[in-house]
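Written out below as structure tokens is the structure these notes cover.
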Amino acid sequence: MQYFENVLATIGDTPLIKLSNITAGVIPATVFGKVESFNPGQSAKDRIALYMVEQAEKEGRIKPGATIIEATSGNTGFSLAMICALKGYRCVLTVTSKSSPEKLAMLRSMGAEVVICPSDAEPEDPRSYYAQAESLAREIPNSYYLAQNFNLNNQAAHYYTTGPEIWRQTGGKITHYVCCCGTGGTLSGTARYLKEKNPNVKIIGVDAYGSVLKKYWSTGILDKSEIHPYKVEGLGKTIIPDNVGFDLIDEFIKVTDRNSALRARDLAKNEGLMVGYSSGSAMEAVFKLRDQLKPTDVVVALFADHGSRYLGKIFSDEWMQEQGFLKDEVYDHSSYSYR
Ligand code: PMP
């Protein structure tokens, strides 16, 4: 018999997939996607949710019959719902109204309770999804708030799994790691491992216009004037999470909602890889790096989740048109970008 003990045993060891068509004649390097949608919960968040829960269990902070609480853009919630279903915990998730209806339905399908909070509420606002998670943790007895932004077991999960996988899969030849930054766990844990193996590996963080992270990295100042609404889910932050290892980042690239969406659609059309919105952001950042790359370079872009979560958004022509993302769509071959 050849089987896994349960679904959690299938987390990790995601494939590294060469991106030949989308880069042909354009990117002078070998480019791979580390495709995290191959996890059972279809995102990189399976890794951190499992690691954070199991570490807290070991430390006695999660007890039998506990309620696990988290503030999430959806993916961490899905992974947690899956883990709680198996381990018999109650799962309460606070999400912002930006999360797609598909994501909410998926959370509920595994028994999670979902509290929807306004996406425009400042983190200090008691209506915000962070504040709501904190107050639920105070109210519900035997509950544990995972707090992925500040729980350093988030990045530890990637230090112990994603980093070693990428190092092994590239035979130590990786030269550039391109990764979206939200809580910073995926970027920092992986980057810390890769830099320990080879300090010359370039770490490229990807941030959204409307997020405070890049400005904080370059100035050390949390500039709230940077904040404005944007569409890419999971990318960027309006707070400074403890999990962003700013010292590890060699370059921070900001990407637009429109180009991220168009790149994600290109990945599906040209590579048959239906990955999520922020994966389009990571791909867009690879294109923005183009002039710095040479043929011997080996670039790994991390694709955080699956495209099925965005059928009503970037994979809907109507939604794309409503956003004005398909208007006057002209591919500028000199800059390898959309104008
Ligand atoms: N992309 C997606 C789709 C996500 O859900 C997240 C996490 N919120 C990220 C990217 C960013 O990953 P991290 O939180 O590890 O920085």
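Please state the relative contact order of the chain as a whole percent: Cα pairs under 8 Å, 6+ residues apart?
19 percent
Tell me the net charge near G280. Cut-off is 9 Å between Cβ atoms, G280 excluded, with +1 for each Lys or Arg and -1 for each Asp or Glu.
0
I'd like the antiparallel share, as a percent to the nearest 5, of DSSP beta bridges with both residues in the chain.
Antiparallel: roughly 20 percent of the beta bridges in the chain.
What net charge is computed for the residues neighbouring D250, neighbours being all others with C-beta under 11 Å from the C-beta of D250, Lys and Arg scored +1, Asp and Glu -1?
Net of charged neighbours comes to 0.
Can I get the semi-axes of the stretch 152-290's equivalent ellipsoid? Compute them from the C-alpha gyration tensor as square roots of 5 times the eigenvalues, in angstrom, largest first.
Sorted largest first and rounded, they come to 22, 20, 13 Å.
Rank these for me by crowding, S79, S143, S281, going from fewest to most other beta carbons within 10 Å.
Least crowded to most crowded, the residues run S143, S79, S281.
Counting pairs of Cα atoms in the chain, how many percent are more than 32 Å apart?
25 percent
Using Cβ contacts closer than 10 Å as the measure, can you line up F303, F38, F4 from fewest to most?
Ranked by crowding around the Cβ, least crowded first: F4, F38, F303.
What percent antiparallel are the DSSP beta bridges of the stretch 5-122, to the nearest 5?
Antiparallel bridges make up about 25 percent of those DSSP assigns within the stretch 5-122.
Using alpha-carbon positions, what is the distance between the centroids of the stretch 111-159 and the stretch 198-232, in Å?
22 Å
Rank these for me by crowding, Y230, Y130, Y3, going from fewest to most other beta carbons within 10 Å.
Arranged by neighbour count, lowest to highest, Y230, Y130, Y3 become Y3, Y230, Y130.
Over the stretch 56-142, what is the relative contact order in whole percent, taking alpha-carbon pairs under 8 Å and six or more residues apart?
29 percent
How big is the charge dipole of the chain about its Cα centre, in debye rounded to the nearest 20, if each Lys and Arg gets +1 on its Cβ and each Asp and Glu gets -1 on its Cβ?
The calculation lands at about 500 debye.
Please give the FRET efficiency for E318 paired with N21, using the beta carbon to beta carbon distance and R0 = 30 Å, rounded to the nearest 0.05.
Efficiency at R0 = 30 Å is approximately 0.65.
Across the stretch 87-180, how large is the tail of the calculated P(r) beyond 15 Å, expressed as a percent of all Cα pairs?
Across the stretch 87-180, Cα pairs with separations above 15 Å total 72 percent.
Sort 153-162, 103-112, 248-257, 21-30 by the packing proxy (mean of other Cβ within 10 Å over each peptide's residues), most packed first.
The most tightly packed comes first, giving 153-162, 248-257, 103-112, 21-30.
Using 7 Å Cα-to-Cβ label points, what is the N198/D13 separation (nm, one decimal)?
It is 2.4 nm.
Quick check on my link table: of K34/K87; K18/K173; K103/K231; K18/K237; K18/K294; K34/K202, which ones sit more than 22 Å apart, alpha carbon to alpha carbon?
The pairs that break the limit, which is 22 Å between Cα atoms, are K34/K87; K18/K237.
GNM, the chain, Cα, under 10 Å: largest mean-square fluctuation among D13, D207, D305?
Its mean-square fluctuation being the largest, the pick is D13.
After finding the eigenvalues of the alpha carbon gyration tensor for the stretch 1-57, what semi-axes result from the square roots of 5 times each, listed largest first in whole Å?
In descending order the semi-axes read 31, 14, 7 Å.
For q values of 0.20, 0.21 Å⁻¹, compute log₁₀ I(q)/I(0) with the Debye formula on a Cα-only model of the stretch 181-222, without solvent.
The calculated log intensity ratios at q = 0.20, 0.21 Å⁻¹ are -0.69, -0.74.
Nothing charged except the Cβ atoms of Lys and Arg (+1) and of Asp and Glu (-1): what's the magnitude of the dipole of the stretch 33-183 about its Cα centre? Round to the nearest 20 debye.
Magnitude of the dipole: close to 460 debye.
Grab the other residues whose beta carbon is less than 15 angstrom from that of G189, score K and R as +1, D and E as -1, and report the net.
0
Can you compute the helix-only [θ] at 222 nm over the chain? Use -39500 (n - 2.57) per DSSP H run of at least 4 residues, normalise by all residues, nearest 500 deg cm²/dmol.
-10500 deg cm²/dmol
If you restrict to DSSP beta bridges whose two residues both lie in the stretch 196-339, what percentage is antiparallel, to the nearest 5?
40 percent
None of the figures in this text is laboratory data; all of them are computed from the coordinates on show. A quick note: this is a predicted structure, and the numbers were derived from the prediction, not measured. Note that we place each Cβ from the backbone using ideal geometry, even for glycine, and neighbour counts take in every protein chain shown.
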